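These notes concern the structure reproduced below.
Derivation of every value follows stated rules applied to the coordinates shown; laboratory data play no part. For clarity, every value in this text was computed on a predicted model and none was experimentally measured. Neighbour counts run over all protein chains shown; Cβ positions are idealised from the backbone, glycine included.
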Amino acid sequence: MAPTVPRVRGRWWELVTRVLGRLVEMSAIILVISMVSFSLLGFTKGDVATAAVAAKGLAVTSERVAAERHRLGLDLPAAQRYLNTLGRALHGDFGVSVRTGREVTGEVVDRLVPTVTLVAAGGLVTVLVGLLFGLVETIARGRVVPALLRGVCLVFVSLPGFALAFLLVALFSVELGWFPTQGMSGGLRALVLPALVLGLPAGAALGRVLATRLQELLSEQYLVTARAQGYPRTACILRWALPNAAVTSLVVGGNLLALLVTSTIVVEQIFGWPGIGSYLIDSLRFRDWHPLQASVLLLAALAICARGLSLALAAAVDPRARVAQ
Amino acid sequence: MKALPTNSSTRMPRFRYRWRVLAAGILLVSATACSGGAGGGNQASEGPAPGGGTLRIALGQAEADLNVFDLKTHSFNVLDQLYEPLVRYGLNGTLQPALAQRWEVSRDGLVLTFHLRDGVRFSDGTAFTADVAKVDMQRWISDPDNSFVGITRHAGSIDTPDERTLVLRLKEPYYPALQELSYVRPVRFPSPTSFDASGTFVKPVGTGPYKVESMSTTEIVLVRNDSYWGGRPNLDKVVFTVIPDSQARLAALKAGEVDLIGGDYLAPLAPEETVQLKNQPQLKVLSQPAQTNLLLTFNLVSGNPALRDPRVREAINYALPRQAYATTLFNGLARPATEVFPPNIPYAPKANSRSLEFNRDKASGLLSDAGYAGSGTRAKGDTTLSFRLILDPGLLPQAKALSEAVQADLAKVGVDIQIDTLDSTAYADAATKRDFDLKFYPTYGPPYDPFGLLNNNFRTTEQINLYSAPELDQRIAVALTTTSDSERAAAYDQVWAELNANWAVAPLVELPRVWAIRTAVKGFVLGPTEYDLPLTGVGVAS
């Protein structure tokens, strides 16, 4: 007996439960991250109260440090402090930055757009570069070009971010003057180099995954048949293998995108990009706990969202992937 | 059976066509992206004449606000454009008139009378009068957090007999008072309109040559103050761009995005980084004699007990090749230091008044005399000559290299150094808790020296002093409170003699002032201190 077409209500219900399940999963992950970061921050060398007094420019004396300890609530037991912080966070109050004296929530919101822009641009670079490398490596005949590309991919994946940044800035900004060396004020041109530094390594990794997957698919029955029937290799790859490789690419791409979010920490520092990543580093340097916690949580949330988005896309593109998750 | 279609009949030309379209598209996009950027690196030859223009300066750290009374503010060079002092620190410590046109100090040193300049207005039009000055002074003079300004400990009363006269009375004579009044903060004068009714800082308004147009986390834009009393400042705009990374600053300078970097408090440039600027005709490196010394200091209170023996400290002094450090680690821009202060500080010890020769045998001999023996790390009973050196690599670019060099050199005389690298907060923590044996310490530089450093680091009453002794306390007190210049000079000489005789610290090198500027900028000279940045005579050719 032929399977019945699922009722419309059943399909919607499946979607809703799936989305809700995802949200619960994400919230649980963020909660765990908040607990872990809270306890890790307690292990760093360098007393928060001393740093707070020093950040105010005052001479550090034991009375001042003790008073600051009390003011910051550091004399309470850790569990209670965590619950207090969590309670306030749920109300949208992420505390006040010791370094600048302003509310963390406002500062973080100001910095959200630059980071999201950077991640989006980096993601675009990743996709384009991944497609380029993966396709060219697969389509090219002979052994030289693919080997060369594999070497180039390896270089981009292994090169540390600051080294890549240094090279790109030295060539494209200082020598050629095409792009600004740092900062966000040059419009779209200012976005190019940071996006490249962010996206090239991930793009190279994606390219390798794509090339491998395409090779696998080329040896599948239907494509062997098509080749035997005389369809050109390039056509097979682009029309049939590539769409089928989309799912794997999206899943891998999702993980890479999550990594991109955390890589913004380094890239923003290098390029003076006023986003959450550089905010995190500045806060860490001064042991400014509240901005640090907020930045960590926000970046974690962004990474999780990015990954969730690409998994959702993968599910939308290929129904089989919904089962595979 | 139907013939199999051959490749040629099923070849779909539009695939190749798609590749060409894609390639053309990429070229087109990159061409438009790059078309406007070609002029970025070579802008020196166009634009208005040197009267006017915009000067772009790098800033190493973002600033929260420009409140001159807030001790968190660290952008001294920016504050210097907005706010002015009563007197300015000139070359080698001579004081120049600023908001005070002339001044007198009474014979007993207790009364300082300032005659304020006529016709001075804040950039918002408010008049600068003695009453305004008095209110400003009262905001900082009785705050114990400002104790690094010695006036706060000696201040009596402030009077304003008329609109142009300000009288400061002290409880005991304190000669540095005038020099302290040339600091950038907190002693300068903001407008009363900078504060709201409850005394909270709302906006930065001063009497200086420039005023704030806008401020964000990435840049501070200043524009000319048209009502500046000192004549019309040349530049239309001064833009401070925040670039935290020193390589990025260099790249920005080379690419022509900023015009000026350097200074200890602005956007530090390391001596070895100047090598990268060598063969660039459009850039110039400015270097001037040192105003600060780098010292190696000892924890004599809670550190290794061996350090309390002056012979050990003396031996350490002879075991360090200062000339080699100055030449190799600072690109030849530094000089070896044999005293606490470089010679251009007022009342500083004379240069070369003692020779701290590099002599390993002498050092080893001293250590043996002190009873420390052994072929590896020397020891005497339970005490080994093993010292913990805490290091903040951010202190100086060559901090790490210097610590390793010191470690290697001291090992050759049987002293073992453990280098503990900490980030700035952990370092501040360790320094405050006296959890170290050795650490590097740069002197403050003018206008704080010599009395500022002595006040904060060489008196018994200071919690984290570098060295102290009751006799030293007395001599410092005499130097600071006597009204006779000759007595003061003699007292300072005794302080230096005392510090040297007891081997209180190990001076290492005189740190150079290093700045770099684009040659398109005309009329720039380094200020008398690293805290000043005189820009009124500067013009930008492009």
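Assorted remarks:
- Whole-number percent relative contact order across chain A, with pairs defined as alpha carbons under 8 Å at least 6 apart: 23
- Semi-axes of the equivalent ellipsoid for region B:339-464, Cα gyration tensor, largest first, Å: 27, 21, 15
- Percent breakdown of C-alpha pair distances by 10 Å bin, ordered from the shortest bin, for region B:143-185: 26, 52, 21, 0
- Centre-to-centre, using Cα atoms only, region B:419-442 and region A:258-300 are separated by 26 Å.
- Each Lys or Arg adds one and each Asp or Glu subtracts one; over the other residues with Cβ under 10 Å from the Cβ of B:R335, this totals 0.
- Averaged over peptide A:181-189, the number of partner chain Cβ atoms lying within 10 Å of each residue's Cβ comes to 6.
- At q = 0.10, 0.21 Å⁻¹, base-10 log of I(q)/I(0) for region B:419-515 (Debye sum, equal scatterers on each alpha carbon): -0.33, -1.20
- Computed P(r) (all Cα pairs; region A:91-188; 10 Å bins; percent): 12, 26, 29, 20, 9, 4, 0
- Hydrodynamic estimate: the Kirkwood radius of chain A over Cα pairs, inserted into Stokes-Einstein at 37 °C and 0.692 mPa s, corresponds to D of 144 µm²/s.
- Across region B:344-358, coupling constants 3J(HN,Hα) worked out from phi with the 6.51/-1.76/1.60 Karplus curve, θ = phi - 60°, read 8, 7, x, 6, 5, x, 5, 5, 6, 6, 9, 9, 9, 5, 8 Hz, and Gly and Pro carry x.
- Fraction of the pair-distance distribution of region B:250-408 above 30 Å, Cα-Cα pairs, percent: 30
- Formal net charge of residues neighbouring B:F69 (Cβ-Cβ distance under 12 Å; K, R +1; D, E -1): -1
- Relative contact order of chain B, pairs being alpha-carbon contacts under 8 Å that are 6 or more residues apart, as %: 21
- With 22 Å as the limit on Cα-Cα distance, the pairs of B:K134/B:K171; B:K72/B:K400; B:K254/B:K522 that go past it are B:K72/B:K400.
- Normalised by residue count, region A:28-78 yields a Cα convex hull volume of 89 Å³ per residue.
- Stokes-Einstein D (µm²/s) once Rh is taken as the Kirkwood radius of region A:188-228 over alpha-carbon pairs, at 20 °C in 1.002 mPa s: 172
- Look at the Cα gyration tensor of region B:347-402: its axes a ≥ b ≥ c give a/c of at least 1.5 with a/b at or below b/c, and that counts as oblate.
- Pair-distance distribution P(r) for the protein assembly as shown, from all Cα-Cα distances in 10 Å bins starting at 0: 2, 10, 17, 20, 19, 14, 8, 5, 3, 1, 0, 0, 0 percent.
- Rounded, prolate or oblate (a/c below 1.5 giving rounded, otherwise prolate when a/b exceeds b/c) for chain B by Cα gyration tensor: oblate
- Which of B:A337, B:P192, A:L74, positive extreme of dipole for the protein assembly as shown (C-beta unit charges): A:L74
- In plain terms, the bigger the Kirkwood radius, the slower the diffusion; for region B:187-249, with that radius from Cα pairs, at 10 °C and 1.306 mPa s, Stokes-Einstein puts D at 117 µm²/s.
- Interchain or long-range residues, amide H under 5 Å from B:Y210's placed H: B:N225
- Loop-located trypsin sites (Lys or Arg not before Pro) in region A:128-161, at most 13 other Cβ atoms within 10 Å (DSSP): A:R141, A:R143
- Per residue, the protein assembly as shown reaches -14000 deg cm²/dmol at 222 nm when only DSSP H runs of four or more residues are counted, each adding -39500 (n - 2.57).
- Charge dipole (the protein assembly as shown, unit charges on Cβ, about Cα centre) - positive-most of A:L298, A:F38, B:Y492: A:L298
- For region A:237-315, alpha-carbon Rg over 2.2 N^0.38 Å: 1.41
- Region A:1-144 shape via C-alpha gyration tensor axes, a/c threshold 1.5: oblate
- Centre-to-centre separation between the Cα atoms of region B:59-122 and those of region A:160-199: 41 Å.
- Surrounding net charge for B:G263, when Lys and Arg each add one and Asp and Glu each subtract one, Cβ distance under 12 Å: -2
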